[in-house]
Amino acid sequence: MPGIEFGSIFYEISSLVLLAAALGLVGLALRQPLVVSFIAAGILAGPGALGLVQSEEIILLLSQISIAVLLFLVGLKLDVNLVRNLGRVAVATGMGQVTFTALFGYLICVAMGLDWLTALYVGVALTFSSTIIIVKLLSDKQEIDALHGKIALGFLIVQDIFVVVAMVTVSAIGLGGATEGGATAGLLMLAGGAVLMLAFTYVFIRYLATPLLGLIARSSELLVIFAVGWAAGFAAVADMIGLGKELGGLLAGVSLASTPMRDAIGARLASLRDFLLLFFFLSLGATLDLSTLGAQVGPAVVLSLFVLIGNPLIVLAIMGYMGYRKRTGFLAGLTVAQISEFSLIFMAMGITLGHVGDEAMGLVTLVGLVTIALSVYMITWSHKLYGWFEPLLGAFERRKPFRELEDDSPEAANRRYDFIILGLGRYGCRIGQGLRARGFRLLGVDFDPEALRNWRKMGLDAHFGDATDPEFLAHLPLSGVKGVISAVPRSRGPLTEADGHAALLHALKAAGFGREVAITVNQMEDGQAYRDMGATLILAPFDDAAEGAVRKIVHDHDEYESGGENPADPAR
């Protein structure tokens, strides 16, 4: 390429990546996600600070690839059967939060003097929450499988669907504006291209996607290369037609969302996505004028407080109305107390179409920095925050939070049980089958409706509830119970205040329960900490199964050595 010195570009990119790594290290020490460090790196590398970004065309190209890959991963999660499988609470909470935030965000922006179109863009941008950050924090706290974690993941999927709708709407508005002035032929060509692209996608999903991916998946390296090429190719074709790279990336993901390999593709592209996103934030920083950001501090503070307080409250109110405890609603609500990288991408689309100016992008960027940075600590210390605010949250809980209290059968409350099993997955069900075969009376507890249905099909009583909630545990019928069994293995890692087994042991101790308590772990060495807390029995499914297998092998061997049957005899 004439006019471009590749040596200088190499040094420039190297410097930018090292700067991002250094700021990422600082962010790690402050327990901040990479998104915050990347935004800070983009601002610091921009012309208003160090001025490291010189090759703007190269950075912009990598930025566009990053957006295509990111939206490809969003589309990858949007299986055609997804909406049907979402729970009512996820749909109601997700739609309620999106509607509330967009409406009141718009009104606040108008009240602060923004024009109606900019206010609309900012209001919609405030509705997006960062799935990457939320999943990472909930996983680190081992709450991804807790009731509030499952609900949060559900309404994040609803938000992802809204992201798609918002971007499609913006692109359609942009296309309408681009074809004004009697450009009927251009509009017809655009519509024809869109129909052909959608038709190809439908045929590909129906007949080609699964067999083709099954062939490609024989090589994990080829799977990654194909996925990136597929995302970039769709983005390029859509941009050439006039639909925009963003919609092309989304459509590429949707075309593979129904294949069995979608989770493997998403997992393998996660690191590449994080690396490429760096260049989006570098490109963003290169366009921000730091001299104009000072005037945005006041509005940014107002909108940040709205996101940090308003979003959790609307989730808390909706979940309380639907019959969930205030604790569950509070913990789920804290997960949406930030905006995401999609907010910035959405604003970038508005700038490209000429709908909003750089000042609006600066405002949303500041809101992103504040809300992401603070929400990390809010989610991390969510249980302490709940303890502080719990006396004030009574208005957000029904007098009888029926979804976490009642059993389907009214007479169940008066029954007595020998054992209570928490966690009705395969391991919990097998334990239940064995105990029932020996004549014990059992009560199962889980918050997965499918698990509860399977348990009840065996003719056993069940409660819907979260075993990590001390308030819920206090309502269990513990009188006469011989033992409580937690059949959900704990992931390895340091104990935290949110650890489900620790919460269970503390709640049982507070309730005065002094009988057998069995705790399930993945590694037997993790059990001593729970013994110190009061557990009387540690279950390790893998270790126990291996020990049982060894006993069978030794027994078989001893029989053979003593003149019994040959264990290798096929007739056995």
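The values are calculated or read from the model by the stated rules, or taken from the named source; none is laboratory data. All values derive from a computational prediction rather than experimental measurement. Methodologically, a virtual Cβ is constructed for each residue, glycine included, from the backbone with ideal geometry; neighbour enumeration extends over all protein chains shown.
When you go through (1) of a type outside the set (Phe, Trp, Tyr); (2) within 21 Å of Val302 (Cβ to Cβ); (3) under 26 Å from the mean Cα position of the chain (by Cα) one by one for Ala92, which number turns out not to apply?
The failed condition is (2).
For the list (1) outside any helix (DSSP H, G or I); (2) surrounded by fewer than 20 Cβ atoms within 10 Å (Cβ to Cβ), I need the number of the one condition that Asp263 fails.
Status for Asp263: all satisfied but (1).
Confirm whether Ser304 is under 21 Å from Val110 (Cβ atoms) and in contact with a helix residue (DSSP H, G or I) (Cβ under 7 Å, 6 or more places away or on another chain).
Details: under 21 Å from Val110 (Cβ atoms): yes; in contact with a helix residue (DSSP H, G or I) (Cβ under 7 Å, 6 or more places away or on another chain): yes.
Judged against the criteria, Ser304 is a match.
Gly354 - would you say it is part of a loop (DSSP other than H, G, I, E, B), touching a helix residue (DSSP H, G or I) at 6+ places or on another chain (Cβ under 9 Å) and of a type outside the set (Lys, Arg)?
Here the answer is yes, as Gly354 does meet what is asked.
Just for helices (runs of 4 or more DSSP H) wholly inside the stretch 41-135: which have at least 1 residues that are among the polar types (S, T, N, Q) and either surrounded by fewer than 18 Cβ atoms within 10 Å (Cβ to Cβ) or not assigned by TED's automatic domain parsing to the domain that holds Ile309 (or both)?
Fully inside the stretch 41-135 and qualifying: 82-85, 88-111.
Which of the residues belonging to the stretch 266-283 are more than 14 Å from Val69 (Cβ to Cβ) and either in contact with an Asp or Glu (Cβ under 9 Å, 6 or more places away or on another chain) or outside any helix (DSSP H, G or I) (or both)?
Answer for the stretch 266-283, where residues must be more than 14 Å from Val69 (Cβ to Cβ) and either in contact with an Asp or Glu (Cβ under 9 Å, 6 or more places away or on another chain) or outside any helix (DSSP H, G or I) (or both): Phe281, Ser283.
Among the listed residues Leu366, Leu288, Leu331, which satisfies the condition of being on the phi < 0 side of the Ramachandran plot, at pLDDT below 85, touching a helix residue (DSSP H, G or I) at 6+ places or on another chain (Cβ under 6 Å) and of a type in the set (A, V, I, L, M, F, W, C)?
None of the others qualify; the one that does is Leu288.
When you check Phe389 against the structure, is it under 14 Å from Ile309 (Cβ atoms) and more than 22 Å from the chain's Cα centre (by Cα), yes or no? It would help to see each step written out before you state the result.
On the way: under 14 Å from Ile309 (Cβ atoms): yes; more than 22 Å from the chain's Cα centre (by Cα): yes.
Judged against the criteria, Phe389 is a match.
With the structure loaded, tell me whether Gly310 is within 16 Å of Phe396 (Cβ to Cβ) and either surrounded by fewer than 24 Cβ atoms within 10 Å (Cβ to Cβ) or assigned by TED's automatic domain parsing to the domain that holds Gln97 (or both) or whether it fails that test.
Criteria met by Gly310.
Let me confirm something: among Ala166, Ala172, Ala191, which residue is buried (at least 17 other Cβ atoms within 10 Å of the Cβ), modelled with pLDDT of 65 or more and either in contact with a Leu (Cβ under 8 Å, 6 or more places away or on another chain) or part of a helix (DSSP H, G or I) (or both)?
Criteria check complete, one pass: Ala166.
Within the stretch 470-495, can you find the residues that are at pLDDT below 70 and in a loop (DSSP other than H, G, I, E, B)?
Within the stretch 470-495, the subset at pLDDT below 70 is 470-471, 474, 489-495.
Answer for the stretch 470-495, where residues must be at pLDDT below 70 and in a loop (DSSP other than H, G, I, E, B): Ala474, Ser491, Arg492, Gly493, Pro494, Leu495.
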